[in-house]
Amino acid sequence: MTPHVGEGRTDGTTGRPGVSRQKPGTPSLLREVNDRAALGLLLGEGPLTRAQLSERTGLSKVTASQVLARLEERGLVMIAGEQAGGRGPNAALYSVVRSSAYVAGLYVEFDQVSVAVADVTGQRVAHISADPNGVDDPVGLVRDAVAAACESAGIGLENLTSVVIGSPGVLDPRTGAPRIAVNLPTWHEGVPEALREVLRTPVVIENDVNLAAMAEHADGAAAGFDDFAFVWLGTGLGLAAVINGQVRRGVGGAAGEIGWMPVYGAPLPAGNEHPSKAGLQALAGGFAVQALGAEFGFAGATPADVIAAALADAEGSVPSPPAPGSTGAAFFDELAHRVSIGVAAVCVVLDPGLVVLGGPVGRAGGAELAARVAAEVPRICLARPTVVPTTVTGEPVLAGAMQAALAQARAGLLTSLA
């Protein structure tokens, strides 16, 4: 007799061909849960002894030993050394096998390509930079850069289990393909699929500002904050609104494109045309910062150079906070006012509590710019956010790409235990 829906079978199936149901609490399921817990802990905390693993997971020492033996047998865990101290022999330290997975993170801009390769523990084994030099083939550009980084690391492309690329622009949330990439006009629909085919591994393209914000959340000024606004100040402007630890992308992937924000007194942006002379971009974008610097007598090849010149105004060539009443101070007052218009608009909607100023201008302006913005915002809106400069060093977009790639690779390892 065919069982009714809801009735069990003694053979462990549901009654439907090809569909099995594992009973809760079976030894195999418990082993899987324990193995995942142990591997996840070793990935997150590094080398541990059997006793430490037992204490942190709640498993008995006997069960912890069995778990470690199974993970060793699968080539995922190894003895990495010994922990000295205490009576008796030293305890063995267990760690994840570094070569069990490799990832690549990239930051691609119109004038630079940075690639880093790391093993599954997060240790970087290669980091290279390349000049795009007008290359109009994004797939070939990324493939060659990743291949060069892998060669530097002494591994093959086939060893990569995840690749995450940070780039400016709006991405289609359904396909992950670039929808608007002003700085990278050759990036188009179909690039992610083509990259997955040539690299033969999962490839994700992510907005650069979103990745920089996640790097800030992990190791920067926003560590410990699940709700904050990350404002990117550079040649272009960008925003990452982090809510409950997640970046808000919007229905069309355009959340955070504050360069297009309409601002009273500035020309309105026109459709998808880059608003270099319109909206908030016209007030606080890179070109506007350089033009403002010229008005106050501060020149520079980049917006960050202009900031450095203004900071140096009070003490000759030695950077220091501009003295009150100095030309440098007046420059910062005006720049902070312009930035505050955008920050206030964000705070009126989100009231994030914490605002981090990142990007080349946010980093160069440092505490001087952040303090002025923090004082100005409450004058033009009800919010009183804490405003701080970024504290992530190096390349924040690349750091965020590496974090995202590692998260994917580690999730894959845990899934493989099923």
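The values are calculated or read from the model by the stated rules, or taken from the named source; none is laboratory data. Note that the structure is predicted; figures quoted are calculated from it, not measured. Here the Cβ is made from the backbone with ideal geometry for all residues, glycine too, and neighbour counts use every protein chain on show.
Check whether at least one residue in the stretch 254-268 is within 20 Å of the chain's Cα centre (by Cα), under 22 Å from residue 386 (Cβ atoms) and in contact (Cβ under 8 Å) with a residue 24 or more places away in the chain, and report yes or no. Yes, the stretch 254-268 has at least one match. Within this structure, residue 160 fails the test of being in contact (Cβ under 8 Å) with a residue 24 or more places away in the chain and under 27 Å from residue 283 (Cβ atoms).
Out of the residues in the stretch 77-109 meeting the condition of being β-branched (Val, Ile, Thr) and over 25 Å from the mean Cα position of the chain (by Cα), tell me which one is nearest to residue 184 (Cα to Cα). It comes out as 77.
Scanning the stretch 178-205 for residues that are more than 20 Å from residue 115 (Cα to Cα) and either assigned to a loop (DSSP other than H, G, I, E, B) or in contact with a helix residue (DSSP H, G or I) (Cβ under 6 Å, 6 or more places away or on another chain) (or both) yields a count of 5. When residues in the stretch 110-121 are screened for being under 15 Å from residue 394 (Cβ atoms), at pLDDT below 95 and either of a type in the set (Ser, Thr, Tyr) or under 17 Å from the mean Cα position of the chain (by Cα) (or both), 0 of them pass. Look at residue 200 and say whether it is without any contact (Cβ under 8 Å) to a residue 12 or more places away in the chain and not assigned by TED's automatic domain parsing to the domain that holds residue 311. So residue 200 does not fit the description; no. Is there a residue being assigned by TED's automatic domain parsing to the domain that holds residue 408 and touching a Phe, Trp or Tyr at 6+ places or on another chain (Cβ under 6 Å) anywhere in the stretch 137-145? Yes, the stretch 137-145 has at least one match. List every residue pair whose Cβ atoms sit under 9 Å apart, with the two residues 6 or more apart in sequence or on different chains, where the first one lies in the stretch 163-176 and is in the same structural domain as residue 197 (by TED's automatic domain parsing) and the second, anywhere, is crowded, with 20+ Cβ neighbours inside 10 Å and aromatic (Phe, Trp, Tyr). Pairs that qualify, where the first residue is in the same structural domain as residue 197 (by TED's automatic domain parsing) and the partner is crowded, with 20+ Cβ neighbours inside 10 Å and aromatic (Phe, Trp, Tyr), are 165/107; 166/107; 167/107; 167/187; 169/187.
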